[in-house]
Amino acid sequence: MTRLTTVLAVVLLAILLAAPASGQATQNFTVSVMGGIGGSGDADVDSGYDNFGLQGLFSLKLTNNTRFGLRVGQTSLEADDESGLFDADLTWLTAVGEYEYPDVFFDGGLYLGLGAYDLQGDNLIGDESGIGLTLGSTGDFRFTPSLSVRVELSGHFVDFDYGQFFFMGHVGLAYHF
């Protein structure tokens, strides 16, 4: 189990255990775990967009249509090029503001935020870290009042030497409480 997976599991468990003690009204929090694919289109070594990744989400409802959310994730970037196998992991933690809009079949949303990004791996000149921007779109397809399938598309901009633009798509389960 990677360090990120362990940290994500501990944070989500702590949130779930603390939720009943919070005394808040129902449906103010959302926790989600998602898997997905992604990559960078402008990277020095093109890894494509078929790289597997995981993302976790915790969000807090601020008003009827707005939320504050934290997302933590990791995507493995792998590619073959003339210099050999490129293998790196992009890890991020983002803080976002999200606007939600209910629809007949799903609840949609748009978010914008800042993130801390880290790129580590083999065949890099050096590991890179930086602050970046994220922009994304969400869709919650509820099958019970508390559970939904969440779909997210996101773009991330961070000024790395390797590449600046990263795009991802994630799908997973969300628990609303």
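The values are calculated or read from the model by the stated rules, or taken from the named source; none is laboratory data. Computed from a prediction, not measured in an experiment: that's the story for all the values here. Glycine gets a Cβ as well: all are built from the backbone with ideal geometry, and neighbour counts include every protein chain shown. Heads up: the accessible areas ignore ligands, DNA and RNA and are worked out on the full protein's heavy atoms, side chains in. Shrake-Rupley method; radii C 1.70, N 1.55, O 1.52, S 1.80 Å.
Table for the structure above
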quantity	calculated
Hits in the range 116-145 (condition: surrounded by 12 or more Cβ atoms within 10 Å (Cβ to Cβ) and β-branched (V, I, T))	T134, T138
Any hit, the range 41-52, residues being closer than 18 Å to L173 by Cβ and at pLDDT 85 or above	yes
Residue count for the range 91-117, restricted to those that are more than 23 Å from L54 (Cα to Cα) and either of a type in the set (V, I, T) or outside any strand (DSSP E or B) (or both)	3
Pairs, first free of Cβ contacts under 8 Å to residues at least 40 places away in the same chain and in a strand (DSSP E or B) in the range 67-80, second open to solvent by 10 Å² or more (accessible area, probe 1.4 Å) and aromatic (F, W, Y), C-beta under 8 Å, six or more apart	L70/F58; S76/F52
Hits in the range 39-69 - residues which are under 18 Å from V151 (Cβ atoms) and open to solvent by 60 Å² or more (accessible area, probe 1.4 Å)	Y49, D50, F52, L54
F68 being modelled with pLDDT of 95 or more, within 11 Å of the chain's Cα centre (by Cα) and among the hydrophobic types (A, V, I, L, M, F, W, C)	no
Scan of the range 71-80 for residues that are farther than 17 Å from A174 by Cα, open to solvent by less than 10 Å² (accessible area, probe 1.4 Å) and under 10 Å from the mean Cα position of the chain (by Cα), ordered by number	T75
